[in-house]
Amino acid sequence: INIGSVETRFPKIALRSRSGRSIINGNWAIDRPGRYEGGGTMFTYRRPNEISSTAGESFLADGPTNEVLDVYMIHQQPNPGIHYEYIIPGDNVISPQLLAHRRPGEPLNGQLGMPESTSHEDEDLHRETDIRTGQSAGTFPVIQPGRFPSHQPENQVPAMQPPRQNREYNWKQVGKTECTTTCGKGSQYPIFHCVNRITHEEVPEGYCDSSTKPIPEEEACNLFPCPAFWDIGEWSECSKTCGLGMQHRQILCRQIYANRTLTVQQYRCQHLEKPDTTSTCQLKICSEWQIRTEWTSCSVPCGVGQRTRDVKCVSNLGDIVDDEECNMKLRPNDIENCDMGPCAKSWFLTEWSDRCSAECGDGIRTRSVLCMTNHVSSLPLEGCGNNRPSETTPCNNGPCAGKVEWFAGGWTQCSTECGSGTQQREVICVRKTEGNFDVLNPYECSYLEKPPSQQSCYLKPCGSKWFHTEWSTCSKSCEGGFRVREVRCLSDDMAASTQCDPQIKPEEKEPCNTQDCVPEIDENCKDKYYNCNVVVQARLCVYTYYKSACCASCTRVANRQPGFLGRR
């Protein structure tokens with residue numbers, strides 16, 4: 001049979017029943033190696049690797065067959081011939097040396113006849129090898145005991161085995177090894193043990209002839225394929241070196257069979273979620289933010305201040321461009337708060353009380369003064385030095401009147417609306433007259449016990465109050481700077497609190513030195529060209545040459561730039 005559409009390096013052999021049913025390699029198709037049922041037995045079809053091996057294909061069956069089967073050769077090259085083996089019952093033992101030295105086609109011991117008797121217990125394997133024929137195709141009918149084919153090839157003589165002596169022990173297959181895989185076609189081998197021919201009881205291998213022990217041949221097992229899976233490749237490079245691009249990867253549906261990973265139709269993986277094959281990517285923004293300087297020192301030596309750094313938008317060519325050309329959402333901060341820790345030698349003050357201690361005459365107003373160290377829980381006054389701010393200040397609500405003896409007026413209002421305060425009252429020496437009091441020198445009443453003129457008072461707990469430090473020095477000497485102070489909320493026991501009213505919180509930062517700066521005049525800093533305004537508009541002052549050639553124009557622009565806050 002000549003199949004021109006089949007491209008193969010080696011000839012193929014095919015198996016078909018006399019009824020015309022194809023068993024292996026039929027219907028114009030080449031089957032995979034494996035096990036195929038036909039003729040009442042199971043055939044193992046082997047096909048070696050056509051690239052790395054020069055061996056041919058083979059069929060192997062344990063038999064017996066129950067019908068006549070035809071073997072065909074499918075080839076385009078010259079016929080390489082067929083080697084075949086067959087099984088017949090017999091009592092005689094054929095020496096392996098005899099088989100090894102016999103020429104192909106030569107009868108065994110000169111006998112062509114059949115053995116006189118057959119027995120299933122005496123079955124043994126005998127082999128005969130055909131010479132290579134020059135025919136392009138041939139049909140080899142199955143040789144059965146007692147019958148030979150009616151037409152023999154001219155160069156082939158059937159050979160029969162001579163009688164052999166009975167042996168007490170022989171080799172018997174007792175099982176198979178475990179399959180090498182759980183799915184996707186593995187392999188296993190038969191296991192042969194030496195047994196008693198009559199009782200089939202296993203005995204040590206030394207009882208059997210080791211030269212006649214069958215060679216275990218590989219058999220396929222667990223032929224069903226392994227579950228399919230998605231084989232995910234690596235991502236490709238991003239389609240763009242900057243900005244938003246795309247990247248791809250290959251996704252294949254794969255199955256493992258016969259120790260090989262095969263690509264299969266994607267519907268076999270439909271039970272699994274298919275991974276994405278494309279994705280967006282961005283290696284960098286084409287115009288990117290660059291931090292040109294490190295953070296400056298904090299604006300205050302202690303407490304909360306601010307620090308800055310220079311952040312610029314730079315193009316791929318390294319030029320400084322407008323901030324709008326970069327992604328503003330990704331802009332690094334160029335200003336941030338910095339906490340240098342509590343000011344260990346700072347006095348924290350409350351505002352003056354609204355009430356005067358005396359309803360009339362001289363009185364005082366008070367405030368709280370607190371020295372803050374590392375923690376508000378410890379307040380050693382000596383840590384802030386001797387310049388403690390005053391806690392009282394004089395006040396006067398108008399003159400009062402009196403009589404003879406010590407005369408004590410009513411207590412004034414408490415100097416504070418909450419917390420600890422003081423109350424004052426007027427104590428004078430008076431002489432009572434008709435309807436009037438004459439004020440005398442206090443000496444006149446010195447023999448009398450003078451009533452106290454001041455006492456402590458406590459109306460109610462204050463809760464939490466705002467305390468603040470003095471203002472820091474201004475960050476700039478001209479053109480608008482800022483100064484800061486630390487503000488804290490403290491409870492009655494001077495512990496940190498969150499209960500202060502945020503509506504009345506003192507400011508922590510305020511502008512200062514808003515007057516214009518008077519630039520120093522440098523006689524050597526002049527414009528050498530009449531069109532230096534073009535240099536300024538083109539932002540070329542960053543280059544040393546233009547900065548020198550247009551010194552005056554570039555300096556004026558630099559003086560107008562906000563130097564402390566940085567560009568935002």
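The values are calculated or read from the model by the stated rules, or taken from the named source; none is laboratory data. The model shown is predicted, which means the values in this text are computed figures rather than measured ones. When we count neighbours, we look across all protein chains shown, and the Cβ atoms used for this are built from the backbone with ideal geometry, even at glycine. Ligands, DNA and RNA are stripped out before the accessible areas are found, and what is left, the full protein with its side chains, is counted by its heavy atoms. Shrake-Rupley method; radii C 1.70, N 1.55, O 1.52, S 1.80 Å.
List of remarks:
- Taking a straight Cα-Cα cut-off under 29 Å and skipping sequence neighbours fewer than 8 places away in the same chain, the lysines within cross-link reach of Lys329 are Lys240, Lys284, Lys312, Lys509.
- Region 18-51-region 68-85 distance, computed between alpha-carbon centres (Å): 13 Å
- Near the amide H of Thr308, within less than 5 Å, lie the amide hydrogens of Thr296, all on another chain or at least 5 residues away, with H placed in the peptide plane.
- Extended-chain gain in nm, criterion 0.36 nm per residue less alpha-carbon gap, Val439 and Cys179: 80.9 nm
- Each other residue within a Cβ distance under 14 Å of Val174 adds +1 if Lys or Arg and -1 if Asp or Glu, for a net charge of 0.
- Under 5 Å, built H, 5+ apart or other chain: amide partners of Ser58: Arg46
- Dipole moment magnitude, nearest 20 debye, region 267-312 about Cα centre, only Lys, Arg, Asp, Glu C-beta charged: 60 debye
- Within region 265-295: backbone nitrogen closer than 19 Å to the His248 label point (7 Å, Cα to C-beta): 266, 274-283
- Each of Met328 and Gln537 was given a label point 7 Å from its Cα along the Cα-to-Cβ line. The distance between the two points is 2.5 nm.
- Under a 5 Å amide H cut-off, with hydrogens placed 1.01 Å from N, Ile24 pairs with Leu15 among residues at least 5 apart or on other chains.
- Heavy-atom accessible surface of region 171-218: percent carbon and sulfur, 1.4 Å: 52 percent
- With Cα atoms defining each centre, region 216-266 and region 518-558 are spaced 65 Å apart in the structure.
- Distance between the pseudo-spin-label points of Gln270 and Gln455 (7 Å out from Cα toward the beta carbon): 9.8 nm.
- Residue-span extension gain [Arg197 to Asp516] - 0.36 nm each, minus C-alpha spacing: 102.7 nm
- Applying 0.36 nm per residue to the separation of Thr65 and Ser446 and subtracting their alpha-carbon distance, the gain on full extension is 122.2 nm.
- Packing-based ranking, highest mean first, of 462-472, 218-228 given that Cβ atoms within 10 Å are counted: 462-472, 218-228
- Straight-distance candidates among the lysines for linking to Lys213, with alpha-carbon spacing under 29 Å and chain neighbours fewer than 8 residues away dropped: Lys172, Lys176, Lys185.
- The simple Förster model, with R0 at 60 Å and r as the Cβ-Cβ distance, assigns Arg21 and Asp209 a FRET efficiency of 0.90.
- Zero-based 10 Å bins, Cα pair distances in region 227-283, whole percents: 24, 37, 23, 13, 2
- Count Lys and Arg as plus one, Asp and Glu as minus one, and take only other residues whose Cβ is under 9 Å from that of Glu57; the net charge is then +3.
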